[in-house]
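A quick write-up on the structure given underneath.
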């Protein structure tokens, strides 16, 4: 797929044209230091920018073996991601085992928790369970753009317009917060999903997103 390199270059040029502000607290900055494993989540519709943002940061990605997955794999490979080939919707247990191994080797597993088919902005359990099982922090990533194109897809896929303002927010959920005394992860999943949606709304507000 020769055009994967072209797509990667175009994304880089677009992303580097943005006027980016970041909001990262001290605890999150500590978790983002080189060599720290973890689990990173961002909504499926935000992944174009998110994949670029976390390039060459010891990231890993679960990528399907489909034709679309092969294209994504080629793009991410050029950005230094470790590829975990499989599917979260088919053979979920096998995918979880592969992701656990990647985190165990020191990688940050990047996950779109409302993918691959939605519902939009509704977090599935996989990312929470992975962070809880590996004892690593869950890093919530949100981005808002002042001006962007939104595709008519189930995820409302976002493409920022060149030179627009972007607001990046990252927050850390500690391993302790992901380990409730009663062992019930469902309230944790709902809370993390709510927090990521609130961050998404706040990032859009701070970017001055056009309606």
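Within the stretch 1-26, track down each residue that is farther than 26 Å from residue 75 by Cα and either in contact (Cβ under 8 Å) with a residue 40 or more places away in the chain or not in a helix (DSSP H, G or I) (or both). Those that are farther than 26 Å from residue 75 by Cα and either in contact (Cβ under 8 Å) with a residue 40 or more places away in the chain or not in a helix (DSSP H, G or I) (or both): 23, 24, 25.
Being under 17 Å from the mean Cα position of the chain (by Cα), loosely packed, with under 15 Cβ neighbours inside 10 Å, closer than 25 Å to residue 199 by Cα and free of Cβ contacts under 8 Å to residues at least 60 places away in the same chain is a property that holds for residue 29.
Residues in the stretch 159-200 that are surrounded by fewer than 13 Cβ atoms within 10 Å (Cβ to Cβ) and touching a strand residue (DSSP E or B) at 6+ places or on another chain (Cβ under 8 Å): 163 alone.
Answer with yes or no whether residue 110 is at pLDDT 95 or above, closer than 21 Å to residue 56 by Cβ, surrounded by fewer than 22 Cβ atoms within 10 Å (Cβ to Cβ) and within 15 Å of the chain's Cα centre (by Cα). Judged against the criteria, residue 110 is not a match. Just one residue in the set 156, 144 is outside any strand (DSSP E or B) and either at pLDDT below 95 or farther than 17 Å from residue 26 by Cα (or both); that residue is 156.
The residue list 166, 131 contains one member that is over 14 Å from the mean Cα position of the chain (by Cα) and modelled with pLDDT of 95 or more, which is 166. Would you pick out the residues in the stretch 134-157 that are buried (at least 22 other Cβ atoms within 10 Å of the Cβ) and under 15 Å from the mean Cα position of the chain (by Cα)? Residues satisfying the conditions are 137, 138, 139, 140, 141, 142, 143, 144. Residue 139 meets the stated requirement of being under 28 Å from residue 10 (Cβ atoms) and either assigned to a strand (DSSP E or B) or without any contact (Cβ under 8 Å) to a residue 12 or more places away in the chain (or both).
The values are calculated or read from the model by the stated rules, or taken from the named source; none is laboratory data. Here the structure is a predicted model, which means the values were calculated and not measured. A quick note on method: Cβ atoms are made from the backbone with ideal geometry, for glycine too, and the neighbour counts reach across all protein chains shown.
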